[in-house]
1. Can you tell me which residue in segment 42-77 is farthest from Val19 (Cα to Cα), limited to those that are touching a Leu at 6+ places or on another chain (Cβ under 8 Å) and small (Gly, Ala, Ser)?
2. Going by the structure shown, is Phe10 surrounded by fewer than 17 Cβ atoms within 10 Å (Cβ to Cβ) and among the hydrophobic types (A, V, I, L, M, F, W, C)?
3. Restricting attention to segment 1-29, which residues are within 16 Å of Thr77 (Cβ to Cβ) and modelled with pLDDT of 90 or more?
4. Name the residues in segment 57-72 that are farther than 20 Å from Arg88 by Cβ and either part of a helix (DSSP H, G or I) or in contact with a Ser or Thr (Cβ under 7 Å, 6 or more places away or on another chain) (or both), would you?
5. Failed condition for Glu68, given (1) in contact (Cβ under 8 Å) with a residue 40 or more places away in the chain; (2) under 30 Å from Asp169 (Cα atoms), with all others met?
6. Within 20 Å of the chain's Cα centre (by Cα), of a type in the set (Lys, Arg) and at pLDDT 85 or above: is that true of Lys63 in this structure?
7. Taking the condition of being of a type in the set (Gly, Ala, Ser) and modelled with pLDDT of 90 or more, how many residues in segment 66-93 meet it?
Amino acid sequence: MDPLIDDREFVERIRKGDVEAFDVIYLKYSASLFKFGFKYLKSVPDAEELVQKVFLTVWETRKSLRKELSFKSYIFTIAYNDICKFFRRQRYMRTFLADSGFSHYTVSNRTEEGIGFKSILDRVKQIINILPEKHRFIFLKSREEGKTSKEIAAELNLSPGTVDNYISDSLKVIRRHLAKEDIVL
């Protein structure tokens, strides 16, 4: 039997909320999706999380699935986009640390440095959580989702300059809190 025809049948069943069809598709593609994710992420937990995110997206958007399109291509496109977002978030966090005066700090595989990096990230997340709601929302769109000021502005019906101001203000607050706590790397 043609696997594409098989997928179309299961996609149609998934669209109708059939959990058993979803399980079959999950079992069919999860291992290859994991290998794909691990190839780029180099981490078992990150690759496992990627697989879960992809299939969560499939389930949440099941009613808009199009059975005439390749399901395999669809899920690997979701995975690819999530991997790109993952690396964008990492790049933004490194840029943020450099902008915050931690330019001499680089991430490595050494446990001690990894723990230091994680504790700073945890503290930064705590500070982000105390930002005013709109500042926090815009900052996270920028840094975690990797959206540009123009994209955020269009989404929120603001000017890109206003978005830049929110991000700049948020960075100042974060830097000020880190400076008060005398965080040294």
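1. It comes out as Ala47.
2. Considered against the rule, which asks whether it is surrounded by fewer than 17 Cβ atoms within 10 Å (Cβ to Cβ) and among the hydrophobic types (A, V, I, L, M, F, W, C), Phe10 comes out as no.
3. Scanning segment 1-29 gives Val11, Ile25, Tyr29.
4. Val58, Trp59, Glu60, Arg62, Lys63, Ser64, Phe71, Lys72
5. It fails just one condition, (2).
6. So Lys63 does not fit the description; no.
7. 1
Here's the yes/no breakdown for (1) assigned by TED's automatic domain parsing to the domain that holds Gly146; (2) in a helix (DSSP H, G or I); (3) in contact with a Ser or Thr (Cβ under 9 Å, 6 or more places away or on another chain); (4) free of Cβ contacts under 8 Å to residues at least 24 places away in the same chain:
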{"site": "Phe10", "(1), (2), (3), (4)": "no, yes, no, no"}
{"site": "Lys28", "(1), (2), (3), (4)": "no, yes, no, yes"}
{"site": "Glu48", "(1), (2), (3), (4)": "no, yes, no, yes"}
{"site": "Tyr74", "(1), (2), (3), (4)": "no, yes, no, yes"}
{"site": "Ile78", "(1), (2), (3), (4)": "no, yes, yes, no"}
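The values are calculated or read from the model by the stated rules, or taken from the named source; none is laboratory data. Remember, predicted model here, so these are calculated numbers, not experimental data. Neighbour counts run over all protein chains shown; Cβ positions are idealised from the backbone, glycine included.
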